[in-house]
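Chemist: One structure follows; several queries about it will come next.
The values are calculated or read from the model by the stated rules, or taken from the named source; none is laboratory data. If you're wondering where the values come from, they're calculated on a predicted model, not measured in any experiment. Here the Cβ positions follow ideal geometry from the backbone for every residue, glycine too, while neighbour counts run over all protein chains shown. Heavy atoms of the whole protein, side chains included, go into the accessibility calculation; ligands, DNA and RNA do not. Shrake-Rupley method; radii C 1.70, N 1.55, O 1.52, S 1.80 Å.
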Amino acid sequence: SNAPGVKQERLSDRIYSYKNGDFTILKPNKTEKEINESLSKLLIKADEKKYKYDFINGAKALLNRWFGLNFKTYDDPNRKICSMFVLPYALELDMVNELDDMNNLFFPQDYIRQHKNAKVI
């Protein structure tokens, strides 16, 4: 999941696109079977519908965090924040803790801040 939307993409291509940028990989401490089952569900969901990236709710949520504002965010059924799309599977695999305020949105950096039973690579 990334700014162009939620879609399948080769990890090597995605990492290469960062050039010298930062990226993080979380590896769950689960069995291969558990990981594959969760990943299969995620890929099926990604194949069922293509989502556009939710820039509006993302911007509002970041402004709320940075400046203590109170813009309302909502789960748009046609748009997704990449990290919110993956969150149910990360929670299922016990990789992250939920945010204290789940009315807020979960961003990629939250996977680093909230990682739990996962190895950070």
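Chemist: Under 8 Å by Cβ, and 6 or more places apart or on different chains, what pairs join a residue from the range 104-121 that is closer than 21 Å to residue 53 by Cβ with one that is open to solvent by 70 Å² or more (accessible area, probe 1.4 Å) and in a helix (DSSP H, G or I)?
Modeler: 104/65
Chemist: When the residues of the range 69-96 are filtered to those that are assigned to a loop (DSSP other than H, G, I, E, B) and open to solvent by 60 Å² or more (accessible area, probe 1.4 Å), which remaining residue is modelled with the lowest pLDDT? Break it down stepwise before answering.
Modeler: Step one: list which residues in the range 69-96 are assigned to a loop (DSSP other than H, G, I, E, B), which gives 69-78, 81, 93-95.
Among the residues that remain, those that are also open to solvent by 60 Å² or more (accessible area, probe 1.4 Å) are: 69-72, 74-75, 77-78.
Working: 69: 92, 70: 90, 71: 92, 72: 90, 74: 82, 75: 77, 77: 83, 78: 89.
Selected residue: 75.
Chemist: Also, I was wondering about something else. Out of everything in the range 73-95 that is over 11 Å from the mean Cα position of the chain (by Cα) and in contact (Cβ under 8 Å) with a residue 40 or more places away in the chain, what residue ends up being nearest to residue 31 (Cα to Cα)? Step through it out loud before you land on a result.
Modeler: First pass over the range 73-95, keeping only residues over 11 Å from the mean Cα position of the chain (by Cα): 73-79, 92-95.
Keeping just the survivors that are in contact (Cβ under 8 Å) with a residue 40 or more places away in the chain gives 92-95.
Values: 92: 13, 93: 10, 94: 12, 95: 13 Å.
Once the filter is applied, the top-ranked residue is 93.
Chemist: Moving on. Considering only the range 45-56, state which residues are in a helix (DSSP H, G or I), farther than 12 Å from residue 82 by Cβ and open to solvent by less than 100 Å² (accessible area, probe 1.4 Å).
Modeler: Once the filter is applied, which keeps residues that are in a helix (DSSP H, G or I), farther than 12 Å from residue 82 by Cβ and open to solvent by less than 100 Å² (accessible area, probe 1.4 Å), the range 45-56 yields 45, 47.
Chemist: Tell me, which residue of the range 15-43 that is at pLDDT below 90 and open to solvent by 70 Å² or more (accessible area, probe 1.4 Å) is nearest to residue 118 (Cα to Cα)?
Modeler: 27
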